[in-house]
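K.L.:
Take a look at this one; I'll ask things after.
The values are calculated or read from the model by the stated rules, or taken from the named source; none is laboratory data. Note that the structure is a prediction, hence the values are computed from the model and not measured. Cβ sites come from the backbone with ideal geometry, for glycine too, and all protein chains shown count toward neighbours. Heads up: the accessible areas ignore ligands, DNA and RNA and are worked out on the full protein's heavy atoms, side chains in. Shrake-Rupley method; radii C 1.70, N 1.55, O 1.52, S 1.80 Å.
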Amino acid sequence: MRPDLLALTEATLAELTNRGLVKRAVRELERAAPTLTEDDDGTVCAVFPDGVTTSLPTGGLDGGACGCGAVTTCRHVVGLVLAYHRDPAHAAPDGPTASAASAAEPTAEGAGAGLPATSGWSPGEFTDDELVARLGERMMAAARRLEATGFVARVHRGRPADPVPSVELPTATVRFLVPKDLGFARTDAVAGVRDDVIALAVWAFRAADATAPGQADAQVQVGGGATPAGGPALDAAVALAGVVLREGAVHLGAGPVAEIARVRRELDAARMRWPLLAVDDLVGQLEAYRERSARYRPEALADHLAELVARHRAVTGGGSGLRSRVLGTDEAAETPLRRARLDGLGARVTAAGDERFVDLFLAHADSATVLVLRRAYESAETGPELAARRVAGVTVGMLASGAVVTESAARSASRAVRLGARRLSRTEAMASRGAWQHLPPALIAGDLTALAAELDALPPRPVRARVRAELVRVIPVASVRSVGYAAGAQRLDAVIEDAAGATAVISATHESCVPGRLDSMAAALGGDVRFVSGTVRRGGGGVLIDPLGFALADGVVVPDLAPADRGSDPQDRAGATDDPLGQVLDEAVALLAEVAHRGLRHAPSTMADRLRSVSGRLTTLGLRRSGEAVEGLAARLGPDPGDPAISAWVDAYLRTGLAAELR
């Protein structure tokens, strides 16, 4: 008897292969069933009416052999499993066999704590010897290296709605489709490339079983206890930030090229992905300044400098218990994906001089994340013209608003996705009707009150994971309360409601590279809009949404790729608002960014007085600690500022920057 085969359903078979293969196997099985035999070692053999012979030993579908010549799991292997279900010798008339039922039955220890019966077993029961037999010593060694640095995982135990236990890892999602059988553990990474994540998932379940045995969902920290908090690589990155801050982009010249290369090597060797990406972005800003490119922004330079110091403080000052989250030590540089479906949620088009950047936001259901595909063009084209450009044979417009099935996708640590362009790679696109309600629940914010609480609970941005679409959500729209246009700011604001009556503001500003953004947004909000996708944040006492796409009754509208339509005009008019607190915070952030741009050593004599003026206004408006931090920097400026001045600048920038972000 093969309880592993009896535990497989059509849904789990579709996860292991694909839905089309399962449908074809079902059709052929309905026409004529194969003849089944079972050997003493558990190998099941099937002879199909067309003469094809298929065998499936224990250990998973990958071990199947078929006479049809297929190099991967074929319809005959799937048909063998389905025929085994229907064979009277194995399936009881009114349900699964006793063997299958017992495989899903909870043990005495696992039946407690209110967990559903389907969660009575835990993948944490797998031993390391079983993992070695399944993965091999090389993959286990890779897993142990990652465990030594530490990682954070979210464990989902089985429940009636989804009886399959699963683990969300930073690099992949692992699902244990068959109870007590490692051969049917599935990841969304390409088979054989990141199989070490199966061991990481088992260890995550062990940690959850020990620390949170009664929770259906639990976030756990695994390993990393013996790892030093910071380390020489992070210290070197902070020292590099100090050099840049003392000299400034203006006076750094070609920069410490050798030092930058050494810091990058050390961070990469220590698997500190987030500081490494911050250093890369810092270097990119310095290069943009040397090239006099429009991509250079003093605020971006200051952000990267403050971020490196903030991450160092978080892991060395006892302020963070999740070191791997702050440093990204649990992230792989790149993870190839299995055959993946990506649903377009919209696009963002930005301009820097004569360059255009298109960010495409794609929902990956298997990992419940939003991936970002970026393309840069040396062109002055607008959004509607860029929609006709092609990526991996698919137009930008179709990627942003449709659904793509690809076998050549790979995602980076920052959740950027790359589509291969090899001739053997397959990428197919289809139109979408905007059925975003079928996306994973983690991506849908149906309760705006709960979304506001989630945003309030986030750690400060400089120490969060460097995930590009971290705060992209799909929000169901129950009704549109009002639409207003601020002519002076060229900004369109709309107030929407959820089913419970809670509100949020959708806000977008006109830019010349996206001439149809506001027109298409006004038309969508005046029609039968069902969902809006966008980046969410707190602001003005509520939730603000920067829109990327709108799902209507008959399709998806992407404002940044839409042509201008002067026929759409909102009826309500929004008056200008006076925001003295926002103005002084913006002024403080810009002034501190100017200090980083010029360099602490080269700050003009008037800088201290300008800082004290801003400090006084911050204090008057109630931001006393921010004012004190800015005043502290003003007191430390001089001809040869040392580490105290660097620390004072970071204090002031972090306080004012976070206040500006949360206002």
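K.L.:
Take the conditions in contact with a Ser or Thr (Cβ under 8 Å, 6 or more places away or on another chain), modelled with pLDDT of 85 or more, within 30 Å of residue 68 (Cα to Cα) and open to solvent by 10 Å² or more (accessible area, probe 1.4 Å) and apply them to residue 134. Does it pass?
P.N.:
No; evaluated as a whole, the condition is false for this residue.
K.L.:
Which pairs do you get when a residue that is at positive phi and among the aromatic types (Phe, Trp, Tyr), found in the stretch 392-411, comes within reach of a residue that is at pLDDT below 95 and open to solvent by less than 30 Å² (accessible area, probe 1.4 Å), reach meaning Cβ atoms under 9 angstrom, with the pair 6+ apart or on two chains?
P.N.:
Hits for this filter: zero, empty list.
K.L.:
Conditions: (1) touching a residue at least 12 places away in the same chain (Cβ under 8 Å); (2) in a helix (DSSP H, G or I). Residue 583 meets all but one. Number of the miss?
P.N.:
Tallying (1) touching a residue at least 12 places away in the same chain (Cβ under 8 Å); (2) in a helix (DSSP H, G or I), residue 583 fails exactly one: (1).
K.L.:
Please specify each residue of the stretch 444-458 satisfying the condition of being charged (D, E, K, R), more than 16 Å from residue 370 (Cβ to Cβ) and surrounded by 13 or more Cβ atoms within 10 Å (Cβ to Cβ).
P.N.:
So the first thing to find is which residues in the stretch 444-458 are charged (D, E, K, R), and the list is 447, 454, 456.
From the residues that got through so far, the ones that are more than 16 Å from residue 370 (Cβ to Cβ) too are 447, 456.
Within the stretch 444-458, just 447 meets the criteria.
K.L.:
Then there's this: For the stretch 508-547, enumerate the residues that are polar (S, T, N, Q), surrounded by fewer than 20 Cβ atoms within 10 Å (Cβ to Cβ) and part of a strand (DSSP E or B).
P.N.:
At the first step, the residues of the stretch 508-547 found to be polar (S, T, N, Q) are 509, 512, 520, 533, 535.
Checking which are surrounded by fewer than 20 Cβ atoms within 10 Å (Cβ to Cβ) leaves us with 509, 512, 535.
Result: 509, 535.
K.L.:
Surrounded by fewer than 19 Cβ atoms within 10 Å (Cβ to Cβ) and either at pLDDT 90 or above or in contact with a Ser or Thr (Cβ under 9 Å, 6 or more places away or on another chain) (or both): is that true of residue 388 in this structure?
P.N.:
So residue 388 fits the description; yes.
K.L.:
Quick one: in the stretch 11-43, which of the residues that are of a type in the set (Val, Ile, Thr) and closer than 18 Å to residue 70 by Cα is least open to solvent (accessible area, probe 1.4 Å)?
P.N.:
22
K.L.:
Can you pull out every residue in the stretch 44-67 that is surrounded by fewer than 16 Cβ atoms within 10 Å (Cβ to Cβ) and within 20 Å of residue 14 (Cβ to Cβ)?
P.N.:
62, 63
K.L.:
How do the strands (runs of 3 or more DSSP E) wholly within the stretch 321-385 filter down when requiring 1 or more residues that are open to solvent by less than 30 Å² (accessible area, probe 1.4 Å) and touching a Phe, Trp or Tyr at 6+ places or on another chain (Cβ under 6 Å): which remain?
P.N.:
The strands (runs of 3 or more DSSP E) meeting that bar are 340-352, 355-364, 369-378.
K.L.:
Separate question: Given 41, 50, which one is more than 41 Å from the chain's Cα centre (by Cα) and under 22 Å from residue 185 (Cα atoms)? If you could, list the steps in order and put the result at the bottom.
P.N.:
Working: 50 fails: under 22 Å from residue 185 (Cα atoms).
Checking each option against the conditions leaves just 41.
K.L.:
From the list 345, 308, pick out the single residue that is under 30 Å from residue 510 (Cα atoms) and of a type outside the set (Val, Ile, Thr).
P.N.:
Numbers: 308 fails: under 30 Å from residue 510 (Cα atoms).
Being under 30 Å from residue 510 (Cα atoms) and of a type outside the set (Val, Ile, Thr) holds for just one of 345, 308, which is 345.
K.L.:
If you check residue 412 against the conditions, is it surrounded by fewer than 18 Cβ atoms within 10 Å (Cβ to Cβ), in contact with a strand residue (DSSP E or B) (Cβ under 6 Å, 6 or more places away or on another chain) and polar (S, T, N, Q)?
P.N.:
Values: surrounded by fewer than 18 Cβ atoms within 10 Å (Cβ to Cβ): no; in contact with a strand residue (DSSP E or B) (Cβ under 6 Å, 6 or more places away or on another chain): yes; polar (S, T, N, Q): yes.
Taking the combined requirement at face value, the residue does not satisfy it.
K.L.:
Can you list the helices (runs of 4 or more DSSP H) found entirely within the stretch 1-75 that contain at least 3 residues being free of Cβ contacts under 8 Å to residues at least 40 places away in the same chain?
P.N.:
19-31
K.L.:
Condition first: within 25 Å of the chain's Cα centre (by Cα) and outside any strand (DSSP E or B). Now tell me which residues in the stretch 548-563 satisfy that.
P.N.:
Residues satisfying the conditions are 558, 559, 560, 561.
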